[in-house]
Structures are given as structure tokens and as C-alpha cells.
Amino acid sequence: MKYNFKEIEPKWQTRWEKAKIFNAPDVSDKPKFYGLVEFPYPSGAGMHVGHIKAYSGLEIISRARRMQGYNVLFPIGFDAFGLPAENYAIKTNQHPRVTTDHNIHHFSEQLKSVGFSFDWDRVIDTTDEDYYKWTQWIFLKLFEKGLAYRDKTFVNYCPSCKVVLSNEDSQGGKCDLCGSDVVLKEKEVWYLRITEYADKLLEGLEQVDFPENVRAQEENWIGKSKGAFVNFTIDGAGETLRIYTTRPDTLFGVTFMVMAPEHPLIDKYADKIGNFEAVKAYREECAKKSEFERVNLVKDKTGVRLEGLAAVNPVNGKKIPIFIADYVMMGYGTGAIMAVPGHDQRDYDFAKAFNIDIIEVIKGGDMAVEAYTGDGEMVNSGFLDGLTNKKDSIERMLGFLEEKGIGEAGVQYKMKDWAFNRQRYWGEPIPIIHCPHCGMVGVPYEELPLRLPEVENFKPGEDGESPLAKIDSFVNCTCPKCGGPAKRETDTMPQWAGSSWYFLRYIDPKNDEALADMDKLKYWMPVDWYNGGMEHVTRHMIYSRFWHHFLYDIGAVNTFEPYAKRTTQGLILGSDGTKMSKSRGNVVDPMDVVNAYGADTLRTYVLFMGDYGASSPWSETSVRGCKRFLDRVARLADNLSEETEPTLEAKLHKTIKKVTSDLEEMKFNTAIAAMMALMNDFEAAPKVGKAQFIDFIKLLCPFAPHLTEEIWEMLGGEGFLSTSSWPVYDEKKTIENTVEISVQVNGKPRDVLMIAVDADEAAASEAGLALPKIAKMTEGKRIVKTIYRPGKILNFVVK
RNA sequence: GCGGCUGUGGCGGAAUUGGCAGACGCGCAGGAUUUAGGUUCCUGUGGCAUAACCGUGUGGGUUCAAAUCCCACCAGCCGCACCA
């Protein structure tokens, strides 16, 4: 067969689309399979090879599942709100709606040209008002339940993008959008109370099939710790300074306290602090430091003592000094700590720098050298003295604190509430009205969607104000409660809003009554298999699981966890082994590969290049290797026999077994290798049976669907190969009668032996000893032991 | 510091329930076809002083047998991080 991919690829793409063979019916007798891939942001640059790899994994699984008799939902859509579209609009003076529509069209054409088997009747676009109506609906529900609130605190602000960022979007102190250093800025913004769901997010991880690194990373991000809150009194002020500690057992070792520079109590006692000017100066210095600088000065502890104030250690009544220092963060715990220099290295460093007493309360270390954080016998600790078990000491102390009413057990999370806002145009408007009489009032449900108004200028204000604030006709409104004049919220939602529930909308994309019909949800949910990138673990995965838990609580969905199984794909690196980037000039355009070698080659190559979960470098010559393989398949299709070739039967059935099981583990590289090996066997065999070859092209179909459809048609197959049945292996046929086993002497392989798989030890030994090499090596020696594993090895232990 | 992971030919990578290390592919070498280049096909390809011996980051150990299991290191990657 002439393999003209330029002709056959569009031919089959058109036929598939016309016949709608990849569309999933909502009613079916077949078992369902919901395969999900992370929908793309439709950038103007078009697809990246990374998209191809990310989608190819579940593309293969979904195609195989269809052939295995499943009703498969494999949808695609576009996550199209976001800053790049808006920045592009500002630059080119086009409405983001126009560029977004254009980009979505372009992306769709590209996706189709690769032959992905998406259900194109269920495409969603997060910027479509019929879609974001429901994103706003979910926000209103959160608001109703008190889970969406406004608060004036220190926020992560990107001076370059002029937006407030969530903690998740400013990891490492860098803006996730542009890479600039974020600064802390005091501002009133919207938050979602994700911390309320921290425990559920942890519990849910027990019910799902996530890879260990993903689970660990989520747990780490949530960062639950168990400890205690303890109230220290401030001498003479009648005020308590509340702290959080994970080591209440070390309370007797407390020699000072530290508050975060931003701690509100400082201003309250401004007149009592003798050196308030110095304190103020230190605070200002800290405020100027970027997150990056704060982190990189780990070793140097700085701070200022609050003169005139002292705290009282509640366990022994000792007066201790209070400091402010930037090694204590306002955002964790209570923003104040009890310092135990003997058993915490940071406190130790601070104590050394400020000449503060260090008390040993746990034996085992050397206080002259460093803090001791291990276990040991309690000393200098009153009623805890003599205890050797940390757990006992903590329990005893907690009992004491609770009895005296000076503290109690508590938990803390590293995760903070989700800063849920952007001061930008191209996002979902937050459906809230600010009324001078009624306070914050939700836009009535029947008025949703609250549409984005037309604006002249998409640029954000200099002080981080949304462009929507400049549109009087949008801002000024009447309060739905009292009918008086009121103003609309002008912030929009962050990028992650639309993607936090999109998988639900695929199930019922046109529904006008609900985000999705409950019967349909019950049929399709949960997502059976979700593949995506590691970069979304501490953002999209956490956010969407939170929203889903919430929707479950209000009865809008039927499952607690949205995703039953999660897998991740590795990056495709440039041919130089570094991350693909325009500046390095090592970017590969997938469309160039489609044009030069065909979509089937591209699909096969991205899965053959290495472990699906690991990163591997691009290799143009290896792409050609995959093309050669497909060429050989096309050629062999012309030379088939009507008769089955018996010597190929075991190889074929083994390959069916191997490919079938490899797909389940996403071991695509070895599945392709097995098919290549079978092709080698086919070519070496005297003939290849047509039926045998058909089984082979069925295995290959998910990887190279265009070529295999063409061969199927040529061989007279009925209908589409893509909807035919997956080959079934016969276990009996996978076993070869005669196998080659290794014959060893003292564990070293010396020769090989062809022998029946079911030969017994006596027969095997006899045959093994008859081999000239083995006979020579065992001659004149005593065989102490013979180890025989049928079908594997024969080993003679000699002396 | 905490958490997750990885070290195998010239390269990407197989083999991880202990059982012929290097499947499959790339590259390379030789040959065939071709006016030539490319394509395609065939053969070979871990090292080496080649019947032996040595080889899976290093050093020990268990075993008839170790890339695989155990102990101690070394190197590198990813995520979080002054988290109290």
C-alpha cells in the first residue's frame, strides 16, 4: 500500500467527524468510561508538542476503551479567560472576544489534524456567557454559605501585572504569570474559605488513585500540623499574646517571644513600647523586603526588642522579653511564637545573636553547639521531668494547659484561604453588589449571567483597580434587596475559576437549568481517569477538588471526589535536553511534524520517546524511526496470506497480551516496542496471515488510527476500525512449547538450551549436562546442587 | 530543613514479583540497490588483551543466582520551605 499520509489523514478525519463515531451518547448499555485531559488555554501561538503528549495518553486509552466495548466520554474545551488574551488585546487594540474566538478556531483545527478522538459536540469555552453563568452561580452559592468573603490583609501583589495573586499563584515569591517578584500589599480583596475544606481535601486523598508524588505534594501543600495554642500574658497590660506551637512539651524552655513585624498588637501598645521609633523603622525595612530577600537571609536573624513590654511564661511565671523579627510570619499560626532556643534552630540562632538564655529541657544535645531537636529525657521542666517519650510529655502538658485554661490542642495548615480576585477585564465578573444599607448582596440568580460590559480601555488602573471600575453604567446599579442605589463589585475571578468545575459541564454542556443534569452526572461521574501536568497539583487540582467537595455538600453533584484516578505526563525537552523555549530556539512545532511525517508518526513518537511520566528530549532522527515503522506496516499490508502462519501465533498472542496490559499502566513506549518487535517477526516469517495482521493493526489503531483505518478499508473491513473490537488473546496460545533457557554453572550463564517448557528436572539436567561447554565445566567435579526453574534457568552448583 | 524521585551502552530507553543485562528505537560500521545524494533492504554493534575476563553511581552484605533485596555512602532532578 502506498502510504500517503497527506491524503489519508484528512480523509479519515473527515469521515470520523461526519459519522460522529467519537460522540458519547448519554444513554447506553455499555459500561461508561470518562477520560479527561486538561483543556488548553488557546494561546495565539497554537499548539505545543507538550499538548500532543499530554493528550495522547488518554487518547490511546480512550480509543482502546471504545474498542473494548465502553461508552467513552473523551471531551475537550477551552480555558480561555486570562491575562495573555487581555494583554494581546491591549497591544493590538482588538477585543479579547475576537482574538479568543480566532484562537479557539485555530486550536480546534490543529487538534483535529492530529486525529484526536474528542467528542466535538460537547466543546466548552469558559468565556462563553452560558458557561460562566454557572461559574458565577457557584460563586454565589459559596457566598451564601459564608465561604466567599472580603478581608483586608497583606496580599501578594504583582506590580508588573497589577493584580493580586493567590498564594498558589505566587509560589517562591514569584508571579506565576510573568515571573516578577511579588510584593506584600495591604488590600481588601475576595477570599474563598478553602481552609474550611482542608481536612476534607486530605480525607479525599484516601479514596482516590493518585500517584504517590501527587498525593504527597498535595498533602504537603495543605500542610496540616498538630500542636497547641498557648496564651501568654503581657505583663501589666492585661492582654494575652496567643501563640501556636507543635512542641508544647518544651514550654519550660521558653526564654523569649517573637511577634511578626505586622502583628496588630504592636500598634495597640505603641505608647507602652519605649523604643517605638526603632520598632517602626524595623517594620518599614521588612515591608520593603521582597519575599525572595526574606527567604534568602535565613542565616541572619534580625529583630528588635519591644522595650517596656514583657511576657509571662504561664508554666513557671517567669518574665521574658518580646521581640519582633521577620523570621516569624503573620500568615501562619497566630503571627507570634514562643521561642525555645534549646530545641529550635531558628530560635537558637536568634538567641545567640541577641544574647538570650538558652535552657535545655530535653537531654541529648549540646547547647553550646546547636539546638537539639531529637527525643530524650525531660529536664528543667517541672512536672515533666523524667519523662522520656515526646508523646507522653505533650499529652501531659496539654492536660495541664487545658486544666489551667491557658491553652488547648489545635491544628494549623500551611494552606491559606484562596485569594479569589483579579483586577482585570478578561475574567468572570464577581456577581456581588455593594449596598450602603444592606452591605454585600449577591446578584439574583435569575439575573445570571452577569455579563462583561463593553469597555474602551482594557488597561488596569495604576493602583491595581479593575478596568470595570471605570464603567459607570456597569458599576452603578440598584440593590436587589432594598432597591436603593448601589455599586457593583468590579473585580473579576482568577484564571482558575472556570477550570474548577469544567469536567461537570462536559456531561451536560447545553443545560440551562443546572450546571449539569443530576441523572447525567450520576451516569458519568466520577471522572475515571484524569491526566495532566505536575504544575497543576497545588493549584488546579486543589481548587477543583475543593469546589467539588462544596458542590457535593450542597447537593449539586453526586460524588465527593471528582477524579477517581490521576496520572501525569512528563515534559518534552528540546533536543539539547533543556526545557523548550523560544529564547533557546529549541521549540518543536507539532504542525511541522504533521506536515513532514504525518499525525500518526507524531502520535507514535511522543509515546515511544520514553517513560510517559518522565521528561525526555526530542529527537528528530527518532521521529523518522517511527515513520519507518509505519512505512513497513503499510508495505506488509500488500503481502498477506489467506492462511494463518502457525509460527507467529504465540508471538501475536503474547503481543496482544503485552500491549493490552501495558496500556493500562500507560507504558506506551514498551507497547510500541512490542508491536515493532512483532513487525520484525512478521517480516522474518515465511508468510503472515491476513487475520493475524488484522489483529496487529487493531493494536496499532489507537496510536496510528489513520494508517490502520486505511489498511482496514483496503483489506475489506466493514465500518471503521476505530469502532471494531479489540483483539483478545488466548492465554494458551501465548505459551510457546519450546523455550530457550539459560544454563548456568555456579550462577554464571555458560550456555543456552532449547527445551520443552514442561520438561521435568531430570530431563533438563540430562540435556544440560550433555551440552559440550557444560560437560567440560562440570567434568571431574561434584554437582552439589541443581536448581531448575522451568522455562527460566538451569543452574549446576559444582565443587 | 521537609517531602517525592532518579542513577543502566555513543544517545532515548527496556528488564524492578531476584533467574541469559542492554528489548525496541536512534546513531554508527560494512554490504546491496541507485548516475549520485536521499530513500529502501541485508548484516553487525556494551567494553576488552575476545573459548577467558570485566560490566547497571560507589563500598560492603544476603543468595546457587542481585540492575532488582539489605546496610552505609556519592551524585543529580522535582515540589515546598525561617510553617513555629
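The values are calculated or read from the model by the stated rules, or taken from the named source; none is laboratory data. None of the values given here were measured: they were computed from a predicted structure. Because the Cβ atoms are built from the backbone with ideal geometry, glycine has one as well, and the counts that use them run over all protein chains shown.
Among residues of segment A:208-231 that are closer than 23 Å to A:R247 by Cβ, those with a Cβ under 7 angstrom from a residue that is charged (D, E, K, R) and more than 8 Å from RNA strand B (Cβ to nearest atom), sequence gap 6+ or separate chain, pair up as A:A228/A:E408; A:F229/A:R242; A:F229/A:E408; A:N231/A:R242. Considering segment A:574-599, the residues that are small (G, A, S), surrounded by 11 or more Cβ atoms within 10 Å (Cβ to Cβ) and not in a helix (DSSP H, G or I) include one that is modelled with the highest pLDDT, namely A:G598. When we screen A:S544, A:S473 for residues that are part of a helix (DSSP H, G or I), among the hydroxyl-bearing types (S, T, Y) and closer than 30 Å to A:H437 by Cα, the only hit is A:S473.
Just to be sure, is A:E766 within 30 Å of A:T734 (Cβ to Cβ), within 13 Å of RNA strand B (Cβ to nearest atom) and of a type in the set (D, E)? Outline the logic, then answer.
On the way: within 30 Å of A:T734 (Cβ to Cβ): yes; within 13 Å of RNA strand B (Cβ to nearest atom): no; of a type in the set (D, E): yes.
For A:E766, the condition - within 30 Å of A:T734 (Cβ to Cβ), within 13 Å of RNA strand B (Cβ to nearest atom) and of a type in the set (D, E) - is not met.
Quick check on my filter: what residues within segment A:52-77 are surrounded by fewer than 21 Cβ atoms within 10 Å (Cβ to Cβ) and either part of a helix (DSSP H, G or I) or without any contact (Cβ under 8 Å) to a residue 40 or more places away in the chain (or both)? Selection gives A:M67 alone. Count of segment A:507-563 residues, restricted to those that are basic (K, R) and touching a strand residue (DSSP E or B) at 6+ places or on another chain (Cβ under 6 Å), is 0.
For segment A:94-139, a residue qualifies if it is of a type in the set (A, V, I, L, M, F, W, C) and under 22 Å from A:T601 (Cβ atoms), and the qualifying residues are A:F107, A:L111, A:V114, A:F116, A:F118.
State all residues of segment A:407-448 that are within 16 Å of RNA strand B (Cβ to nearest atom) and more than 25 Å from A:R539 (Cα to Cα); if no residue qualifies, say none.
A:G407, A:E408, A:A409, A:G410
For the condition modelled with pLDDT under 95 and acidic (D, E), A:E86 qualifies. Flag set for A:V623, criterion: without any contact (Cβ under 8 Å) to a residue 40 or more places away in the chain, within 11 Å of RNA strand B (Cβ to nearest atom) and under 23 Å from A:I61 (Cα atoms). Screening A:N231 on (1) assigned to a helix (DSSP H, G or I); (2) of a type in the set (S, T, N, Q); (3) surrounded by fewer than 21 Cβ atoms within 10 Å (Cβ to Cβ) shows it passes everything except condition (1). When segment A:732-770 is examined, which residues are found to be among the acidic types (D, E), in contact with a Lys or Arg (Cβ under 8 Å, 6 or more places away or on another chain) and closer than 27 Å to A:F703 by Cβ? Result: no residue meets the conditions. For segment A:605-654, taking the residues that are out of contact with any Ser or Thr (no Cβ under 9 Å at 6 or more places or on another chain) and among the β-branched types (V, I, T), the one that is farthest from A:L715 (Cα to Cα) is identified as A:T621. Across segment A:641-674, the qualifying residues are those that are part of a loop (DSSP other than H, G, I, E, B) and within 11 Å of RNA strand B (Cβ to nearest atom), and the one among them that is surrounded by the most Cβ atoms within 10 Å (Cβ to Cβ) is A:M666.
Of the residues examined, A:D125 is one that is among the charged types (D, E, K, R) and within 24 Å of the chain's Cα centre (by Cα).
Checking each residue in segment A:686-696 for being in a helix (DSSP H, G or I) and either crowded, with 18+ Cβ neighbours inside 10 Å or touching a Lys or Arg at 6+ places or on another chain (Cβ under 6 Å) (or both) picks out A:Q692, A:F693, A:I694, A:D695, A:F696.
Residue-level check: of (1) modelled with pLDDT under 90; (2) more than 30 Å from A:K657 (Cα to Cα); (3) within 13 Å of RNA strand B (Cβ to nearest atom), A:V752 misses just (2).
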